[in-house]
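Q: Got a structure for you, written out below as C-alpha cells; questions coming shortly.
The values are calculated or read from the model by the stated rules, or taken from the named source; none is laboratory data. Just so we're clear, the structure is a prediction, and the values are computed from it rather than from any experiment. Here the Cβ positions follow ideal geometry from the backbone for every residue, glycine too, while neighbour counts run over all protein chains shown. When the accessible area is computed, the model is the full protein with side chains, heavy atoms only, and any ligands, DNA or RNA have been set aside. Shrake-Rupley method; radii C 1.70, N 1.55, O 1.52, S 1.80 Å.
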Amino acid sequence: MRAASAADLVDAAVTGNPRALARLISLVEDASPQLREIMALLAPRIGRAQVIGLTGSPGVGKSTSTSALVGAFRARGLRVGVLAIDPSSPFTGGALLGDRVRMQEHTTDPGVYIRSLASRGHLGGLSWATPQALRVLDAAGFDVVLVETVGVGQAEVDIASLADCTLVLLAPGMGDGIQAAKAGILEIADVFVVNKADRDGAEHTYRELRHMIQLSGTRTTEEEWRPPVVKAVASRGDGIDEIVDAIAEHRAWMVGHGVLAARRRRRAADEIEQIALAALRARMGELFDGSLLDGLAGEVVAGTTDPYTAADRMIAGLAEGGTIVASSASHD
C-alpha cells in the first residue's frame, strides 16, 4: 500500500480522522522532509483555535485540571485538543505518557484528541515540536487546544509565548508557595488557580496571591489585565466553571485591547526565528562538517582570534556557500 501523500493526510485530518492527526503530529516530531509541504497546506486553515496553557510545579494537579477543563469545554459543545508535554524517557527518548493515562475518560470521545509529546531535553516546559503540532490541531478544526507543560517549576515560561491564555496552578502544602515560586513563572500568569483548595493552607495561598497581585508594579492599571485568582478542587470538578469563565473574560479583554492579535504575531515571529535558526545550524553542519568550528575554536583558544571575529567568519562562510578564508595567522 502506498504511503499517504501530504495532501491526503491533511485532507483526512481536517475531517477529524484521528489516525491522520496522529500521523501528521508524528511527522512533526520526526522533522519529516514532508513537513514544509504539510505546513503550507495547513496555513490557510489556522487561526481559529483558542490556545490555553497550563503550567505549575509537579504535583499541583495539572493533568487532573486539564481533564476537568476538557469536560467543561465539551459540555459547551466545543471540540478540544490536548497536547501534554511529558518528560522524555532516558531509555527510549519517548514520552512517559503519564498525562494521557490520567485523561482516559475522554479517550473515546470523538470530539477530543489527546497527544503526549516528549520534551526530548527541551527546556522551558515544552517540546520543540509543540508549535507545529498546535498548528495541526488548529487546522483540524479544534475550538480549544490545551497545552499542559512538563512541570519543572520557575523556569517553565515558554508557554507564555505560545498560549493565548496561561493558567498557573499552585496548591497548598506543595512546597511551592509564593516565596518558592516567585518572579519567573508567576509573572506569566493570565489566570491563577489555587488547586486542591480543600486542603489546609489553601486560603493562605489564595490571600498571598491576591496580595502579590495588588503589590505588583505590572498589570495594575485599568488598561492592563489583572490576573484573577480562582480556587478549585479539580478532582471533584469544583471551580472548573469559574476557571472557564475567567478564561473567557481574559479573551474578551484581549480582543478588546488588541492583545490577542499582538500575541499571535509574536508567536509566529518566534516560530519563524526558531525554524530559521535550526536551518542555519543544519546548513553549518552540512557545509563545514564540524571541522571549521573546531578550527575556529582552536584559534580562539590560542589567542590568534576572538569569538566575535570567528563567528563573523563563519557567517561569511555561510553567505559564500561554505567557502571560508583561513585566519591570517595560518598564512604567515
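Q: Charges at C-beta only: +1 for Lys and Arg, -1 for Asp and Glu. How large is the resulting dipole of the range 196-306 about its Cα centre, in Debye rounded to 20? Display every interim value, and only then the final one.
A: On the way: 16 positive and 20 negative charges, 77 e Å.
Here the size comes out at about 360 debye.
Q: Taking 0.36 nm per residue of separation and subtracting the Cα-Cα distance, what length does fully extending residue 311 through residue 104 add? Walk me through the intermediate numbers first.
A: On the way: separation 207, 0.36 × 207 = 74.52 nm, distance 5.03 nm.
Once the chain is fully extended between residue 311 and residue 104, it gains 69.5 nm.
Q: Skip the ligands, DNA and RNA, and give the accessible area per residue of the range 199-308 with a 1.4 Å probe, whole Å². Display every interim value, and only then the final one.
A: Values: 7120 Å² over 110 residues.
On a per-residue basis, the range 199-308 sits at 65 Å².
Q: So how much accessible area does residue 138 have, in Å² to the nearest 10, using a 1.4 Å probe?
A: The accessible area of residue 138 comes to roughly 20 Å².
Q: Sort 305-313, 163-171 by the packing proxy (mean of other Cβ within 10 Å over each peptide's residues), most packed first.
A: On the way: 305-313: 13.8, 163-171: 25.3.
Ranking, from highest mean packing down: 163-171, 305-313.
Q: Could you calculate the contour length gain from residue 266 to residue 293, that is, 0.36 nm times the residue separation minus the distance between their Cα atoms, to one decimal place in nm?
A: Details: separation 27, 0.36 × 27 = 9.72 nm, distance 3.20 nm.
My answer for the length gained is 6.5 nm.
Q: Additional query: Report the calculated FRET efficiency for residue 74 and residue 32 (r = Cβ-Cβ distance, R0 = 22 Å), to the nearest 0.05. Please report the intermediate quantities before stating the final value.
A: Values: r = 31 Å, r/R0 = 1.42.
With R0 = 22 Å, the Cβ-Cβ based efficiency is 0.10.
Q: A further question on this structure: Roughly how many nanometres apart are two label points built 7 Å out from the Cα toward the Cβ at residue 8 and residue 210?
A: The answer from the label model is 5.9 nm.
Q: To continue, here is another question. Rounded to the nearest 0.05, what FRET efficiency do residue 48 and residue 236 give with R0 = 30 Å and r taken as the Cβ-Cβ distance? Could you check? Display every interim value, and only then the final one.
A: On the way: r = 32 Å, r/R0 = 1.06.
With a Förster radius of 30 Å, E is 0.40.
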